[in-house]
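Heads up: the structure comes next, in structure tokens.
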Protein chains: 2
Amino acid sequence: MPYGDAMSTRARSEERRAEIVRAALEVIAERGYRGASMAAVAERVGLTQQGLLHYFPTKDALLVAVLKERDQWDAVPDSPWRLDLLASLVEYNAMRPGIVQTFSALLGESVTEDHPARAYFTERYGRVRATMTEALRSEHGERLPGGLTPERAAVLLVAVMDGLQYQWLLDPEAVDMPEAFRDFLGLLGGTGESG
Amino acid sequence: MPYGDAMSTRARSEERRAEIVRAALEVIAERGYRGASMAAVAERVGLTQQGLLHYFPTKDALLVAVLKERDQWDAVPDSPWRLDLLASLVEYNAMRPGIVQTFSALLGESVTEDHPARAYFTERYGRVRATMTEALRSEHGERLPGGLTPERAAVLLVAVMDGLQYQWLLDPEAVDMPEAFRDFLGLLGGTGESG
């Protein structure tokens, strides 16, 4: 097979994978984490289940690919991170329970032994803490108004985002996730309650 | 069957359930969430798997019973709650990754549709937020030094505890859970960094 054809085969395969990930995200948004079966995703992209397994050997592998894709959308690489962008992200998340549910369910599973998503989450949290630390440092210097260093504030920032998602998913009427997150930003910034 | 015998049958059954729950907790502590199979628990209490299913029809039902038991131990019903007791609880949790892992894994699963643990967690979080709100109110009145009302601080307190557990379980070397929690108490109390 000529080299050019090999390349375009690979490119087609990449395109197909991207199409599957988009379809999985749609199915998740419509039916939630449990409803997002491999069969439903295969049907949406016109593959047999066997054909889908060629691209993603397990449901977990497909879900990790969906979360990595989400990480890329949510990153704001060309502008300096600001805390109010994070507040917008939390507001946006409050409008897409399907993907938040998928993230939260898979995060829960990932802390068990030898889970296929464990490496993804461990790496992701290291990276996210580092990114947030830099964002906090560029906005506040070595000490935030509330008194914490950027490193120690970053751990809490991530913890609050994740922890609020569980309370909100379980009882959306009882927990106003964006409001609670703004409250926390107020504590970090030393400005007290925001609303 | 005379009434007295019926009662003692029920009492024996309750005792047996409690014994199974204790055995499950031991197995979880030794082998983690995934390793805690129904077979391992049955063996420890000298039951067949079929016999165990008579008491707990599914692994999830058994795990929920374990978490409810833990809630009872961790509650401090006869003394007023204080925030420094919570800091001690977080330090204690950092020494028992097995039960924290079980809690975190089951919480993750519970946010999916129709999960058997969903009702337990939804009820638990409502109760825990109410308990913490009362504790914060009795310690600080209607406004915490950091500026929040007890209700709004309670949501964040729970979120931080849960969120830190995920980061710590994934990477215990990188995340000092008790230190981070004390940092958060410092923010709530308006005292800045504690360490």
Using a 7 Å Cα-to-Cβ projection, B:D171 label spacings across copies, nm, ascending: 3.2
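Sort A:12-18, A:25-31 by packing, meaning the average of other beta carbons within 10 Å per residue, with the highest value first.
Ranked from most to least packed, the peptides come out as A:25-31, A:12-18.
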Where labels lie 7 Å past Cα in the beta-carbon direction, separation of B:S37 and B:E91 in nm: 3.9 nm
Calculated FRET value between B:E30 and B:R127, using beta carbons and R₀ = 35 Å, to 0.05: 0.75
Label distances, nm, B:M95 versus same residue in remaining copies, Cβ-directed 7 Å point: 4.8
Sites A:A61 and B:R82, calculated FRET efficiency, Cβ-Cβ separation with R0 45 Å, nearest 0.05: 0.45
Among A:L85, A:L170, A:A105 - extreme Cα towards positive end, dipole of the protein assembly as shown, charges at beta-carbon: A:A105
Lys, Arg +1 and Asp, Glu -1 on Cβ, resulting dipole of the stretch A:1-69 about Cα centre, debye, nearest 20: 120 debye
Intensity falloff of the protein assembly as shown expressed as log10 I(q)/I(0), Debye formula with alpha-carbon point scatterers, at q = 0.10 Å⁻¹: -0.72
Whole-angstrom Cα spans of chain A along principal axes, big to small: 62, 42, 31
Computed over chain A: relative contact order in percent, which uses C-alpha pairs under 8 Å that are six or more apart: 18 percent
Distances in nm from A:E15 to the matching label points in the other copies, shortest first (labels 7 Å along Cα to Cβ): 7.2
Proximal lysines relative to A:K59, as straight alpha-carbon distance under 16 Å, when same-chain residues fewer than 8 apart are discounted: A:K68
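Quick note: the coordinates plus some simple rules give every number you see, no bench work behind them. Because the structure is predicted, anything quoted here is derived from the model rather than measured. All Cβ positions, glycine included, derive from the backbone under ideal geometry; neighbour counts span all protein chains shown.
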